[in-house]
Amino acid sequence: HVNHAKKFKFKRIASLNQLINLARHRHYSTFALYDEKDFEAALKGFVKNIGEHFTHSEEIEWIDEHTMLVVNKDG
């Protein structure tokens, strides 16, 4: 059972090229769901969205948020 959950976050910085490379290698779970044809369209939309919201494509900043669950493995 779950003993407790801990939320944590940290600042991340990457270039647009790094993010595109991660997407092409299906690092992000949402991109992993697309077939190749749909992936290219999704990636194009992703790049457009980044361009609309960030002024420096070499220093894109965001906050990663995660939840860690501590569980007991009952034998």
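The values are calculated or read from the model by the stated rules, or taken from the named source; none is laboratory data. As the structure is a computational prediction, the values presented were derived from the model and not from experiment. No Cβ is skipped: glycine too gets one built from the backbone with ideal geometry, and neighbour counts run over all protein chains shown. Note: areas computed on protein heavy atoms with side chains; ligands, DNA, RNA excluded. Shrake-Rupley method; radii C 1.70, N 1.55, O 1.52, S 1.80 Å.
Listed by first and then second residue, the pairs with beta-carbon distance under 6 Å, at least 6 apart or on different chains, first residue in the stretch 27-53 and among the hydrophobic types (A, V, I, L, M, F, W, C), second surrounded by 12 or more Cβ atoms within 10 Å (Cβ to Cβ), are F31/A23; A32/R26; A42/Y34; L43/A23; I50/L16. Has the stretch 24-37 got at least one residue that is aliphatic (A, V, I, L, M), within 30 Å of N3 (Cβ to Cβ) and more than 12 Å from the chain's Cα centre (by Cα)? Within the stretch 24-37, not a single residue is aliphatic (A, V, I, L, M), within 30 Å of N3 (Cβ to Cβ) and more than 12 Å from the chain's Cα centre (by Cα). Considering (1) among the polar types (S, T, N, Q); (2) in contact with a His (Cβ under 7 Å, 6 or more places away or on another chain); (3) without any contact (Cβ under 8 Å) to a residue 24 or more places away in the chain, the lone condition that N21 does not fulfil carries the number (2).
Residue count for the stretch 1-37 satisfying the condition of being more than 30 Å from D74 (Cα to Cα), of a type outside the set (S, T, Y), open to solvent by 90 Å² or more (accessible area, probe 1.4 Å) and assigned to a loop (DSSP other than H, G, I, E, B): 3. Considered as a group, the residues in the stretch 38-75 that are polar (S, T, N, Q) and exposed (fewer than 10 other Cβ atoms within 10 Å of the Cβ) include one that is farthest from K11 (Cα to Cα), and that residue is N72.
Residues in the stretch 54-73 that are in contact (Cβ under 8 Å) with a residue 24 or more places away in the chain, closer than 24 Å to K7 by Cα and not hydrophobic (A, V, I, L, M, F, W, C): E61, D64, E65, H66, T67, N72.
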